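J.: Let me give you the structure first, and then I'll get to my questions.
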Amino acid sequence: MFDTLSDRLGGVFDKLRGRGALKEQDVRDAMREVRIALLEADVALPVVRRFVDQVTELAVGQSVLKSVTPGQQVVKIVNDALVEMLGGEQTVGLELDHVPPVVILMVGLQGSGKTTTTAKLAKLLKEKQGKKAMMASLDVNRPAAQEQLAVLGEQVGVATLPIIAGQQPVDIATRALQSARLQAVDVLLLDTAGRLHVDDQLMAEMKAVAAIASPKETLLVVDSLTGQDAVNVAQSFAGQVDLTGVILTRMDGDARGGAALSMRAVTGKPIKFAGTGEKLDAIEPFHPSRVAGRILG
Ligand code: GDP
């Protein structure tokens, strides 16, 4: 991911750094190329505009143009703006400091990687944070969704709520909460049903579950390969439920990077984790500065 963008930006900045002195027009020309590179990487237009305006304003300032290394200063300004666009210096972890069982609601479209990500998170919480986790699938639409989570649970060594055929999502969530309390579970992950697109029934079901489960985290799982669509999906979810963060899956793929780059600015929600493969330990906290570093080489 980001390879093409990284190459394009590398070319622009090599040119800038190669010159000793810089004129305002040089910076403006470079920014035009940056703008095109970001748009080609599928970054949302308003996000690109804001980014380019902000960087240009800082970069054409006298202190930059008159400095000894203007090219490098411009690159630093771009780097800082990229980090900010991706969410700032800090990684944003999970908010688990509450009376257990702390509920994490996993939402997203079918195929986004939601169920796999639920199991990845459960494994991470268990192994890296020593939490007693439990998972329950509320997906009664897709045949075998509940079984899929049970199989993943066995693979990661995390308990799943026993399946009762025919039970509806709100009742499953209620039973999961009771069971989690009885078993002194620290974190209960609820994997909600995915749909092929955002629809009213999905939203109503999610809200009903949220109302009884009072999640401390509501994490939207989106597929970074779907670019602008991923951002649109995130925007619709963010308008309907109280999202606390986003998890971008398939960051190991060869997406152009637009979803990752636009997500924070468009939704206002932090990207908390990145899925980096099919294996169940292929998940990492999202580090804006590392990602910016990768893009700028
Ligand atoms: P769901 O319908 O949203 O629950 O999607 P699943 O969890 O069933 O995932 C669909 C497919 O995507 C599975 O084959 C997963 O192994 C795969 N997948 C999930 N996350 C990632 C990821 O970060 N990288 C890659 N390469 N594959 C992933």
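J.: If I take every Cα pair under 8 Å that is 6 or more residues apart in the stretch 212-297, average their sequence separation and divide by the length, what percent do I get for the relative contact order?
T.: Reported relative contact order: 27 percent.
J.: So if the hydrodynamic radius of the stretch 202-251 is defined as the Kirkwood radius over C-alpha pairs, what does Stokes-Einstein give as its diffusion coefficient at 10 °C and 1.306 mPa s, in µm² per second? Walk me through the numbers before you get to the answer.
T.: Details: Rh = 11.5 Å.
Answer, rounded: 138 µm²/s.
J.: With r as the distance between the Cβ atoms of residue 196 and residue 254 and R0 = 22 Å, compute the FRET efficiency 1/(1 + (r/R0)^6) and round to 0.05. Before the final figure, lay out each step's value.
T.: Working: r = 24 Å, r/R0 = 1.07.
In this case the efficiency is close to 0.40.
J.: Something else: Where the only charges are on Cβ atoms (+1 Lys, Arg; -1 Asp, Glu), what is the dipole of the stretch 45-163 about its Cα centre, to the nearest 20 debye?
T.: Value, rounded to 20: 180 debye.
J.: With +1 assigned to the C-beta of every Lys and Arg and -1 to the C-beta of every Asp and Glu, and no other charges, what is the dipole magnitude of the chain about the Cα centre in debye, to the nearest 20? Spell out each step's value before the answer.
T.: Numbers: 33 positive and 35 negative charges, 113 e Å.
The dipole magnitude comes to about 540 debye.
J.: Note down the Stokes-Einstein diffusion coefficient of the stretch 1-69 in µm²/s, whole number, using a Kirkwood radius over alpha carbon pairs, 20 °C, and 1.002 mPa s.
T.: Working: Rh = 12.6 Å.
Estimated diffusion coefficient is 170 µm²/s.
J.: Work out, step by step, the length gained on full extension between residue 165 and residue 19: first 0.36 nm times the residue separation, then minus their alpha carbon distance; give nm to one decimal.
T.: Here the answer is 45.6 nm.
J.: So how compact is the stretch 53-119: Cα radius of gyration and Dmax in angstrom?
T.: That works out to 20.5, 58 Å for Rg and Dmax.
J.: Also: Which value in deg cm²/dmol, rounded to the nearest 500, describes the helix-derived mean residue ellipticity at 222 nm for the chain, given -39,500 (n - 2.57) per DSSP H run of n ≥ 4 and division by the residue count?
T.: Working: 12 runs with 158 residues, N = 297.
My calculation for the chain gives -17000 deg cm²/dmol from helical runs alone.
J.: Relative contact order of the chain: what whole-number percent is it, with Cα pairs under 8 angstrom and at least 6 residues apart?
T.: Across the chain, relative contact order equals 26 percent.
J.: Please compute the alpha carbon radius of gyration of the stretch 109-158, then divide it by the globular-protein estimate 2.2 N^0.38 Å. Two decimals is fine. Write out the running numbers ahead of the final one.
T.: Values: Rg = 10.9 Å, N = 50, 2.2 N^0.38 = 9.7 Å.
The stretch 109-158 yields a ratio of 1.12.
J.: Looking at the calculated P(r) for the stretch 1-134, what percent of the C-alpha pair distances fall above 26 Å?
T.: Numbers: 3998 of 8911 pairs.
Cα-Cα pairs of the stretch 1-134 separated by over 26 Å account for 45 percent.
J.: Here's something else I'd like to know. Please figure out what share of the DSSP beta bridges in the chain is antiparallel and state it in percent, rounded to the nearest 5.
T.: 10
J.: Rounded to the nearest 20 debye, what is the charge dipole size of the stretch 132-245 about its Cα centre when +1 sits on each Lys and Arg Cβ and -1 on each Asp and Glu Cβ?
T.: Working: 7 positive and 13 negative charges, 67 e Å.
Roughly 320 debye, rounded to the nearest 20.
J.: Moving on to the next point. Please tell me which of these pairs span more than 28 angstrom C-alpha to C-alpha: 76/123; 23/272; 66/269; 128/279; 76/279?
T.: Details: 76/123 37 Å; 23/272 39 Å; 66/269 38 Å; 128/279 16 Å; 76/279 35 Å.
Table pairs above 28 Å Cα-Cα are 76/123; 23/272; 66/269; 76/279.
J.: Additional query: To the nearest whole percent, what portion of all C-alpha pairs in the stretch 111-251 is separated by more than 27 angstrom? Display every interim value, and only then the final one.
T.: Numbers: 1515 of 9870 pairs.
Within the stretch 111-251, distances greater than 27 Å cover 15 percent of Cα pairs.
J.: Would you mind computing Rg(Cα) / (2.2 N^0.38 Å) for the stretch 203-297, counting N as its residues? Kindly include the intermediate steps, with their values, before the conclusion.
T.: Numbers: Rg = 13.8 Å, N = 95, 2.2 N^0.38 = 12.4 Å.
Rounded to two decimals, the normalised Rg is 1.11.
J.: Now for a different question. Given 221, 167, 265, which one lies farthest toward the positive end of the charge dipole of the chain, if we put +1 on the Cβ of every Lys and Arg and -1 on the Cβ of every Asp and Glu?
T.: Looking along the dipole axis, the top candidate is 265.
J.: Another question, if that's okay. Cα centroid distance between the stretch 1-34 and the stretch 50-73, in Å?
T.: Centre-to-centre (Cα) distance: 12 Å.
J.: Which distance in Å, rounded to a whole number, links the C-alpha centroids of the stretch 135-208 and the stretch 243-297?
T.: 25
J.: Evaluate 2.2 N^0.38 Å with N set to the residue count of the stretch 155-226, then give the Cα radius of gyration divided by it. Display every interim value, and only then the final one.
T.: Numbers: Rg = 13.5 Å, N = 72, 2.2 N^0.38 = 11.2 Å.
Relative to the 2.2 N^0.38 Å estimate, the stretch 155-226 comes out at 1.21.
J.: Putting +1 on Lys and Arg Cβ atoms and -1 on Asp and Glu Cβ atoms, find which of 146, 285, 21 reaches farthest to the positive end of the dipole of the chain.
T.: 21
J.: Still on this structure: Please give the length that would be gained between residue 174 and residue 232 if that part of the chain were fully extended, namely 0.36 nm times their separation in residues minus their C-alpha to C-alpha distance (nm, one decimal).
T.: Details: separation 58, 0.36 × 58 = 20.88 nm, distance 3.11 nm.
Working it through step by step, the gained length comes to 17.8 nm.
J.: To check you understand DSSP bridge types, tell me what percent of the beta bridges within the stretch 197-291 (both residues inside) are antiparallel, rounded to 5. All intermediate terms of the calculation are to be shown ahead of the outcome.
T.: Details: 3 of 11 bridges.
Around 25 percent of the beta bridges assigned by DSSP in the stretch 197-291 are antiparallel ones.
J.: Using only the Cα atoms of the chain, construct the convex hull and provide its projected area averaged over every direction, in square nanometres to one decimal.
T.: Averaging across all directions leaves 15.4 nm² for the Cα convex hull.
Read the figures in this text as sums done on the coordinates, not as results from a lab. What you see is a predicted model; the values in this text were computed from it and never measured. Ideal geometry is used to build each Cβ from the backbone, glycine not excepted, and the neighbour counts take in all protein chains shown.
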